[in-house]
1. Take the stretch 258-288 and flag every residue that is at positive phi and outside any loop (DSSP other than H, G, I, E, B).
2. Across the stretch 257-279, what is the number of residues that are of a type in the set (A, V, I, L, M, F, W, C) and surrounded by fewer than 16 Cβ atoms within 10 Å (Cβ to Cβ)?
3. Looking at S22 and the list (1) polar (S, T, N, Q); (2) farther than 30 Å from T161 by Cα; (3) touching a His at 6+ places or on another chain (Cβ under 7 Å), which single condition is not satisfied?
4. When residues of the stretch 192-211 are filtered for being surrounded by fewer than 17 Cβ atoms within 10 Å (Cβ to Cβ) and within 25 Å of R159 (Cα to Cα), how many remain?
5. Quick one: which strands (runs of 3 or more DSSP E) lie wholly within the stretch 30-101 and hold at least 3 residues that are at pLDDT below 95 and surrounded by 13 or more Cβ atoms within 10 Å (Cβ to Cβ)?
6. From the list G291, G251, which one is more than 28 Å from A147 (Cβ to Cβ), at pLDDT 90 or above and part of a helix (DSSP H, G or I)?
7. Could you list, in sequence order, the residues of the stretch 158-191 that are assigned to a loop (DSSP other than H, G, I, E, B), among the hydroxyl-bearing types (S, T, Y) and in contact with a helix residue (DSSP H, G or I) (Cβ under 8 Å, 6 or more places away or on another chain)?
8. If I go through the stretch 105-131 residue by residue, how many of them are part of a strand (DSSP E or B) and more than 24 Å from R88 (Cβ to Cβ)?
Amino acid sequence: MSGFDHDAYAHLNRWVQHGVVSRAQLIDLGATPTYLRRALRRDLRVVHPGVYVNHTGPLTWEQRAWAGVLFHSPAALAWESALPRPPRGGLIQVAVGHRSRITQVPGVHARRMAHLDERLDPLSAPPRLRLEHAAIDVASRKRDLAAAFQVFADACQTRETSAEAIAAALRGRARVTGKAQLLALLADLSDGACSVLEREYLLLERRHGLPRGLRQHRDQPADRAFYRDVLYAAFGIIVELDGRPFHDTAGARDRDYGRDLDTAIDSGEQTVRLTYGQVLRDGCATISKIGTLLTRRGWSDPFLPCPTC
């Protein structure tokens, strides 16, 4: 075994691939059949045929991902498995080239993908699709637009991509289910609607003829900067759309209402906080009341009822 590169193996096995290694990689490092047999008795456990891990305990999601990619190599994480927050308990989803042969193994679902090489993230480990293409693939399979929008919003909130980048990737693809609708969702996201709740409010605003508010307006008082969901600057009205993940603790609510009070004192702007129920269930009644507030502060255009009002 004098030709085996132990240092390279240690780096590959422990630091780069979370303790997962393939038979092909070990042979490339100089491992002989004798070494492999001994390692399988002492150090390595088979995950899939020709893919091993260096312990006997439960596999982490990262180890399962590496094992799936190495078994199908050349391959890449795709669909939900390539998103920033993949489902931890489900199948590892792997894409292979459109001419590749596929042998399914437990815990991994492999599918062929055209243009795979063009869609890879060159810096990811394990190999995966670029976030733009993974988001498009997942969103295009959702049954409703709200779910598709949430996929795009989650991807953009990582700061690893943007609505514009996803839209550019989508325009470059020939066949995507619901392409025009997905581009419309990305346009709303680019306009500053960063959640399903914010997008629904934007649609209500458009449908009823309200003035267009400024989305994600940066406000920076003395302590730290934060962003206003919707600002009607000409009328001194701020609308905050309170999705539960960020406003559902006593401390978060205290900070929210404290900022609202400071704003009222410092600038005279009135803050209105809206919940999911007010926007998604009672949207027309809610937006009518926002129109009334705007009218009291100088908005003179007519409020436009919609067919569901």
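1. Step one: of the stretch 258-288, the residues at positive phi are 268.
Within the stretch 258-288, none qualify.
2. The first filter runs over the stretch 257-279 and keeps only residues of a type in the set (A, V, I, L, M, F, W, C), leaving 261, 264-265, 272, 274, 279.
Imposing the further condition that a residue be surrounded by fewer than 16 Cβ atoms within 10 Å (Cβ to Cβ) reduces the set to 261, 264-265.
Residues that pass the stated criteria total 3.
3. Failing condition for S22: (3).
4. Of the residues in the stretch 192-211, 1 are surrounded by fewer than 17 Cβ atoms within 10 Å (Cβ to Cβ) and within 25 Å of R159 (Cα to Cα).
5. Here the list is empty.
6. Values: G251 fails: at pLDDT 90 or above.
Unique residue meeting the criteria: G291.
7. Of the residues in the stretch 158-191, the ones assigned to a loop (DSSP other than H, G, I, E, B) are 158-162, 172-178, 191.
Add one more test, that the residue is among the hydroxyl-bearing types (S, T, Y), and what stays is 158, 161-162, 177.
Hits for the stretch 158-191 are T158, T161, S162.
8. Going residue by residue through the stretch 105-131, those that are part of a strand (DSSP E or B) are 108-113, 120, 128-129.
Checking the rest, the ones that are also more than 24 Å from R88 (Cβ to Cβ) come to 112.
Looking only at that region, the number is 1.
The values are calculated or read from the model by the stated rules, or taken from the named source; none is laboratory data. Since we're looking at a predicted model, the values are computed, not measured. All Cβ positions, glycine included, derive from the backbone under ideal geometry; neighbour counts span all protein chains shown.
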